[in-house]
Amino acid sequence: MSFKNVVQLGVIADGETDNIETLDQIISEAESGDTLYFPTGNYYVSKNLTLDKMLHLVGVKPHYQTGDLVDGTVIRGGGIFLVGGSTGTTVTGIGVVNNPDFTNCFDVRGSLSSISFKNCVAIPVQHGFLIESYDGEVSSTLVDSCESHDGIHGFISKALRTTFVNCLAMGMSNLGFGIISDNIPAKNSIGMAIDNKLIGCRAVNVHGDGFMQYRRNYYEDNEGAVICNANQFIGCSGYNCTHSLTLGENVGNTGWGKYHAYAVSNTLVAGFTEYGGPVRFLYTTNLTIAGLFIRNEAVAKQDEVDSNIGMVASGVSGANLGEFNDVLTLANGVNPSVGFGRTFRTANDSATVITDFQNPINGQIYTIIVADVYTSIEPSATIKLSGSSVRGIGSSVTLRYQNGQYTEIGRSLSKDWGTQFHATEEYLELGDSGLVDLLQASTDNPSATTILHPELHDASLTIINRSTNGAITPPDFNRDQFVVPDDLPTDVLPWGQARITDWKYVSALGKYILSGWRITKYA
């Protein structure tokens with residue numbers, strides 16, 4: 001291994017002389033592990049500089065100044081491309097400014113690993129730093145304290161275990177940082193973004209997404225073919241971006257028929273700060289947020305457009321985290337999902353008995369508010385209640401999910417104010433009431449007392465029969481619902497007298513059994 005000064009080997013740093021042939025020759029003759037030193041200056045190349053062996057490129061870090069790089073080592077024209085065979089290569093203190101005929105400043109592709117960039121600066125046409133696995137698996141790339149300015153995309157990884165640390169993307173027109181899985185070149189040419197880390201990175205004045213993660217298949221509706229998993233955004237910040245952070249795309253997004261979008265999975269967002277440009281969580285599974293400061297309300301929902309099943313969040317401050325902390329409406333029917341949010345209200349429109357919930361998160365606490373007359377939350381193999389079932393508008397139960405079971409840790413019950421009906425009504429909808437005030441005039445021809453959805457009122461039921469004027473004969477009870485003893489009084493009740501019957505629901509019979517009765521004054 002040797003140290004070589006490229007200027008001493010014939011490279012001219014005047015910004016005009018084409019050095020591509022000289023540099024290609026130097027690279028060809030270099031031994032694996034050699035260091036090529038580029039002194040301060042401007043090095044024009046008419047093609048991309050391609051490395052296919054392990055080399056160490058060293059320069060003097062330049063400074064960004066009004067659309068250009070100054071006071072350091074700057075390669076102008078093409079970029080630096082690392083391809084198969086260059087495993088272990090390091091690039092330190094070098095700037096690249098693309099001419100309009102080129103695309104990327106620093107590009108890593110092919111089957112290789114352990115590439116390192118440190119203190120490098122890019123002004124690209126398209127990508128400042130592109131790490132991609134289309135032509136073979138790229139893994140364990142480190143991009144440390146680097147900058148990208150004024151191009152389309154700043155830092156993009158479509159690879160395994162890429163780490164961007166203390167990097168800056170400024171003035172990009174589309175993406176500051178992108179963690180992307182797709183197969184644009186061919187069906188089986190897949191760039192997988194797995195176990196990437198962005199640590200202490202900043203996106204500033206990005207006219208798009210400061211940080212973006214998405215997952216696309218361009219050739220078929222096959223979710224399993226393209227993986228985007230276990231990526232982390234730690235201690236990063238977005239300032240004055242259109243969107244500071246976007247995870248996933250809308251459910252069913254096809255890019256006008258170009259691709260199929262899927263959820264990004266098992267992402268960690270920790271200590272992220274949004275200084276301008278809303279944060280969006282669009283299509284994720286098992287997203288973990290551990291520290292988030294937002295100045296604008298975030299986009300976080302669970303509906304037909306956005307999906308964030310398995311999302312958990314702590315340490316969120318500033319503006320509202322979308323709908324995540326709202327009281328959310330459970331879907332109609334049995335076993336609804338609690339995979340997004342913490343507090344839910346029911347909205348069933350027919351008799352519904354809940355004995356389980358879908359998509360729970362281990363260790364999470366959920367509060368369910370019963371907001372309709374049809375829902376009953378029942379004890380079961382998975383729901384361990386401290387008391388009887390939970391039902392009635394305004395009742396609620398708080399459950400902790402742990403290792404396959406929901407355990408009650410608190411509840412509240414609705415107040416029973418009683419419900420008033422006229423005896424001529426054929427069916428009685430009790431709502432959350434266990435007391436029925438049944439009014440009857442002397443001229444009425446009453447119907448047999450029939451309760452809609454008796455299984456939702458299966459504890460105690462009290463029925464008061466009384467007259468609004470004159471004497472009445474109390475109506476009979478629906479014998480399909482009530483076991484009526486032969487000695488229950490059916491005598492005429494004068495005005496001012498009431499018959500009160502108390503009933504207990506026996507679930508084994510599916511009927512009410514009389515537990516007591518009395519005649520009393522009410523006026």
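Bridges between two residues of the chain, per DSSP, are antiparallel at a rate of about 20%.
Considering only the other residues whose Cβ falls under 14 Å of the Cβ of Val125, what net charge follows from Lys and Arg at +1 and Asp and Glu at -1?
Working: positive: Arg76; negative: Asp101, Asp107, Asp150.
Net charge around Val125: -2.
Using Cα pairs under 8 angstrom and six or more residues apart, how large is the relative contact order of the chain, in percent? Don't skip to the answer; put the middle values down first.
Numbers: 1655 pairs, mean separation 26.7, N = 523.
Taking the mean separation of contacting Cα pairs over the length of the chain, I get 5 percent.
Ratio of Rg to Rh for segment 394-523: 1.08 [Cα atoms; Kirkwood radius as inverse mean 1/r over pairs].
Counting Lys and Arg as +1 and Asp and Glu as -1, each charge on the Cβ, what is the dipole of segment 390-521 about the Cα centre in debye, to the nearest 20? Don't skip to the answer; put the middle values down first.
Details: 11 positive and 16 negative charges, 99 e Å.
It comes to approximately 480 debye.
When both bridge partners sit in segment 155-265, DSSP labels roughly 10% of those beta bridges antiparallel.
Taking segment 159-254, which GluC sites (Glu not before Pro) meet the DSSP loop condition and have no more than 15 other C-beta atoms within 10 Å? Intermediate values should be presented prior to the final figure.
Details: sites: Glu220, Glu223, Glu249; in loops: Glu220, Glu249.
When the GluC sites (Glu not before Pro) of segment 159-254 are filtered for loop state and at most 15 Cβ neighbours within 10 Å, Glu220 remain.
Farthest towards the positive end of the charge dipole of segment 337-487, among the residues Gly410, Ile464, Gly434, is the Cα of Gly410, using unit charges on the Cβ of Lys, Arg, Asp and Glu. Among Gly84, Asn48, Val58, whose Cα sits farthest toward the positive end of the charge dipole of segment 36-118 (+1 at Cβ of Lys/Arg, -1 at Cβ of Asp/Glu, about the Cα centre)? Towards the positive end, the residue furthest out is Gly84.
What is segment 219-346 by shape, rounded, prolate or oblate, if you read a ≥ b ≥ c off the alpha carbon gyration tensor as root eigenvalues and call it rounded for a/c under 1.5, prolate for a/b larger than b/c, and oblate otherwise? Don't skip to the end; give the middle numbers.
On the way: a/c = 1.69, a/b = 1.09, b/c = 1.56.
Cα axes put segment 219-346 in the oblate bin.
Taking all C-alpha pairs of the chain, those more than 34 Å from each other amount to 54 percent.
For segment 359-426, GluC sites (Glu not before Pro) meeting the loop criterion (DSSP other than H, G, I, E, B) and having at most 15 other Cβ atoms within 10 Å: Glu425, Glu426. Taken per residue, the accessible surface of the chain reaches 41 Å², heavy atoms only and a 1.4 Å probe.
Think of each Lys and Arg Cβ as +1 and each Asp and Glu Cβ as -1; about the Cα centre, that makes the dipole of segment 133-211 roughly 140 debye.
Evaluated at q = 0.16, 0.19, 0.26, 0.33 Å⁻¹, the base-10 log of the normalised Debye intensity for segment 259-299, with identical point scatterers placed on the Cα atoms, takes the values -0.45, -0.61, -0.95, -1.15. DSSP finds beta bridges in segment 270-424, and of those with both partners inside it, around 35 percent are antiparallel. Using Cβ point charges alone (K and R +1, D and E -1), the dipole size of segment 183-315 about the Cα centre works out to roughly 360 debye. Each of Ser181, Ala523, Val397 was scored by the projection of its Cα onto the charge dipole of the chain, and the greatest displacement toward the positive side belongs to Ala523; charges sit on the C-beta of Lys, Arg, Asp and Glu.
Across segment 289-387, C-alpha contacts under 8 Å between residues 6 or more apart give a mean separation that, scaled by the residue count, equals a relative contact order of 22 percent. Separation of segment 269-296 and segment 491-523, taken as the distance between their Cα centroids, equals 59 angstrom. Largest accessible area first, the listed residues His56, His422 line up as His422, His56 when surface is computed with a 1.4 Å probe on the assembled protein chains. Sites counted here are chymotrypsin sites (Phe, Trp or Tyr not before Pro) in a DSSP loop (not H, G, I, E or B) having no more than 13 other Cβ atoms within 10 Å; the longest part of the chain that contains none of them is 1-255.
Only DSSP H runs of four or more residues enter the estimate; each adds -39500 (n - 2.57), and after division by the residues of the chain the mean residue ellipticity at 222 nm equals -500 deg cm²/dmol.
Hey, got a sec? Which trypsin sites (Lys or Arg not before Pro) in segment 465-503 land in a DSSP loop and have at most 15 other Cβ atoms within 10 Å?
Numbers: sites: Arg466, Arg479, Arg499; in loops: Arg479.
Passing sites in segment 465-503 are Arg479.
Other residues whose C-beta falls under 12 angstrom from the C-beta of Thr520 contribute a net charge of +4, scoring Lys and Arg +1 and Asp and Glu -1.
What does the charge add up to near Tyr64, with Lys and Arg as +1, Asp and Glu as -1, over the other residues with Cβ less than 11 Å from its Cβ?
Details: positive: Lys61; negative: Asp68, Asp71, Glu147, Asp150.
So the surrounding residues net to -3.
Computed over segment 190-263, the alpha-carbon pair-distance distribution with 5 angstrom bins reads 4, 15, 21, 21, 18, 14, 6, 1, each value a whole percent.
The values are calculated or read from the model by the stated rules, or taken from the named source; none is laboratory data. Just so it is clear, the structure is predicted and the values come from calculations on it, not from any experiment. For neighbour counting, all protein chains shown are included, and Cβ atoms are generated from backbone atoms with ideal geometry for every residue, glycine included. Side chains included, ligands, DNA and RNA excluded: accessible areas come from the protein's heavy atoms. Shrake-Rupley method; radii C 1.70, N 1.55, O 1.52, S 1.80 Å.
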